[in-house]
Each structure stands twice: as structure tokens, then as C-alpha cells.
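Asker: Before I ask anything, here is the structure I am working with.
The values are calculated or read from the model by the stated rules, or taken from the named source; none is laboratory data. Note that this is a predicted model, so its numbers are computed, not measured. When we count neighbours, we look across all protein chains shown, and the Cβ atoms used for this are built from the backbone with ideal geometry, even at glycine.
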Amino acid sequence: MLTLLFDGIAYGMLLFVLALGLAVTMGLMNFINLAHGAFAMAGGYILIVLMQRAGWPFLACLPAAFVLTAAAGALLERSVYRPMYGRPHLDQVLFSIGLTFMAVASVDFIMGSSQQNIQLPDWLRQRFELGSGAWMLGMGAYRLFIVAVCFALALGLQAVLTQTRFGSRLRAAVDDPRVAAGLGIPVNRIFLLTFAVGSGLAGLGGALGADILGLDPSFPLKFMVYFLIVCAVGGTSSITGPLVAALLLGIADVMGKYYLPKLGAFIVYALMIAILLWRPQGLFSREGKR
């Protein structure tokens, strides 16, 4: 029981990092980027290429996945995303879905359609056990590492958004870009940096999750719904909402597949429907937020 709970928490923390960039672009930039999963896939393949072909150590590949996907996000924001900011949400959805299918086809052509395997370092393949019997807690070193990294990211991002000058400028730019620009706030530069960081977080999540979630060209399509569930259930007005939603989703998914394997993902969708019927605006969204 405790082992399943811990695995669900680790899975939820991973989903949190993967979905966080989408929550940022939806909640803070009011832009629906369904190609977010493509950046996560890119981070996973960057890890694979650097580890297997360039011989980089695992820990060096993680920041590289973040930096390279953030750079790709910044380039795409300047070239193709920025003209879509003022368009209706339906246009944004169709546009980003098209980018997703282009990314899937490109990766399938370049890297092949087979599942990628990762050889983790020995120290991340260890397992620790506490207690005995039904209440024994078994923890894999890699899942412990994921929980620690994701928790640190959550704290850091919350501090940046609520306690720094950049966070206040970002909120001002989102509330009224024209007024913010008139006050001397570089709105375009702030949006560029925000989009790049969100893309980098997706890439980092894809690199962290390549061993647990699996990695192939269909990755963005398989997990797109999960990212949207995290954002819809948790809301996008803060870091806390997606974090709690991702933890609920991860625990429900692991527990449901263990105790009721024939139902598959039904437990997750039933939980999502129940929460949204109770709070349609999300767990941590404010009433009346646009």
C-alpha cells in the first residue's frame, strides 16, 4: 500500500513538471499550446542522443535537455507562436495540434518508431525498503530522485512568480499588455522568456520521464490528455493547483491500475469528471478569473 502510494506520488510529480509549462502558457499567457508534449518528447530524445551517442553522463543530460528545448521554444515563439497570441483559442488549438503531428512525423522519420531504452546509472537503480508486511515501503532511488527534483522545481517557480520583480511584471503583462508596455515593461521579452522556460520544463520532464513513461514518436499524443487534465483539474492561476492535480492523478492512476487493472484509465477520468462537476473552474482557480 505505501509502496503504491509512493509510486503514485513520484508519477504525479513527474506529470506536474511535464504539464507545468502548459499551465504557465494557459494561465499566465492565455495561450493554449497543445504542442507542449512535443517539447517534452524533444527533451527525452535529447537525453537519448547525448547519453547513447555522445557518451554524456545522465546528470549532465538533464540540464542540456532543459536548455536545448528552452532554446527551441524561444525560437518558435519568435517565429510562429507570437502571431497566434491574439487569435481565438480554437485557432490556437488547431495550430498547435498541427505542430504536434509535424513533430511526431519528423521524429519518426529521424529516430525511428521503436521504443527507446535508457541505461540509468547504478546509483539510480537501487531500491530501499522500510518496514515489513502489508505496510512495507519500497522506494526506488530513481523515483526518489524525481520527487526531490520536482519538489525543488515547484518551490523555486512559486518563489519566482510570487516574490520577484519578474513575476510581478509577468502578471502585469498578462492582465493588460498595453498598459504594461506603456509603463516600460518589455512585454514581448517577458513572454519570450516565459514561453522558453515553459518549453524547457517540458523538455526536462520528458528527459526525467523517458525511463518511466517510455519514449517513442507517439509520446505527445499519448500524454496530451494527461497534461490537459492536470491543468483543468488544478486550474492555471498558481503553481499549487497543477501540483495537487498531478499528485491526485498520479496516485489514482497507479492505484487504479493495480487494484482494478481491467478498468484501465477509467478511474482517472471518473475522478476528473467528479472534481470538475464540483469545481468547474478547477481546484485552485479563483471565481471569475478570465
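Asker: If Phe227 meets every condition in (1) surrounded by fewer than 23 Cβ atoms within 10 Å (Cβ to Cβ); (2) modelled with pLDDT of 85 or more; (3) closer than 16 Å to Thr25 by Cβ; (4) of a type outside the set (Val, Ile, Thr) apart from one, which number is that one?
Answerer: In the conditions (1) surrounded by fewer than 23 Cβ atoms within 10 Å (Cβ to Cβ); (2) modelled with pLDDT of 85 or more; (3) closer than 16 Å to Thr25 by Cβ; (4) of a type outside the set (Val, Ile, Thr), Phe227 misses (1) alone.
Asker: Still on this structure, please answer the following. Which residue, of Ala74, Ala103, is buried (at least 16 other Cβ atoms within 10 Å of the Cβ), under 20 Å from the mean Cα position of the chain (by Cα) and closer than 18 Å to Thr194 by Cβ?
Answerer: Sole residue among the options that is buried (at least 16 other Cβ atoms within 10 Å of the Cβ), under 20 Å from the mean Cα position of the chain (by Cα) and closer than 18 Å to Thr194 by Cβ: Ala74.
Asker: Those residues that are under 13 Å from the mean Cα position of the chain (by Cα) and among the hydroxyl-bearing types (Ser, Thr, Tyr), I need them from the stretch 218-259; list them, please.
Answerer: Tyr226, Thr236, listed by residue number.
Asker: I've got another one for you. Criterion first (free of Cβ contacts under 8 Å to residues at least 12 places away in the same chain and under 19 Å from Asn33 (Cβ atoms)) does Pro177 satisfy it?
Answerer: Working: free of Cβ contacts under 8 Å to residues at least 12 places away in the same chain: yes; under 19 Å from Asn33 (Cβ atoms): yes.
In short, yes.
Asker: Is it true that Arg171 is among the charged types (D, E, K, R), at pLDDT below 90 and out of contact with any Leu (no Cβ under 9 Å at 6 or more places or on another chain)?
Answerer: Numbers: among the charged types (D, E, K, R): yes; at pLDDT below 90: yes; out of contact with any Leu (no Cβ under 9 Å at 6 or more places or on another chain): no.
Here the answer is no, as Arg171 does not meet what is asked.
Asker: Filter the stretch 6-46 down to residues that are part of a loop (DSSP other than H, G, I, E, B) and not small (Gly, Ala, Ser), then give me how many there are.
Answerer: Total satisfying the criteria: 7.
Asker: Name the single residue that is farthest from Arg189 (Cα to Cα) among those in the stretch 47-92 being hydroxyl-bearing (Ser, Thr, Tyr) and either free of Cβ contacts under 8 Å to residues at least 40 places away in the same chain or part of a helix (DSSP H, G or I) (or both).
Answerer: Thr69
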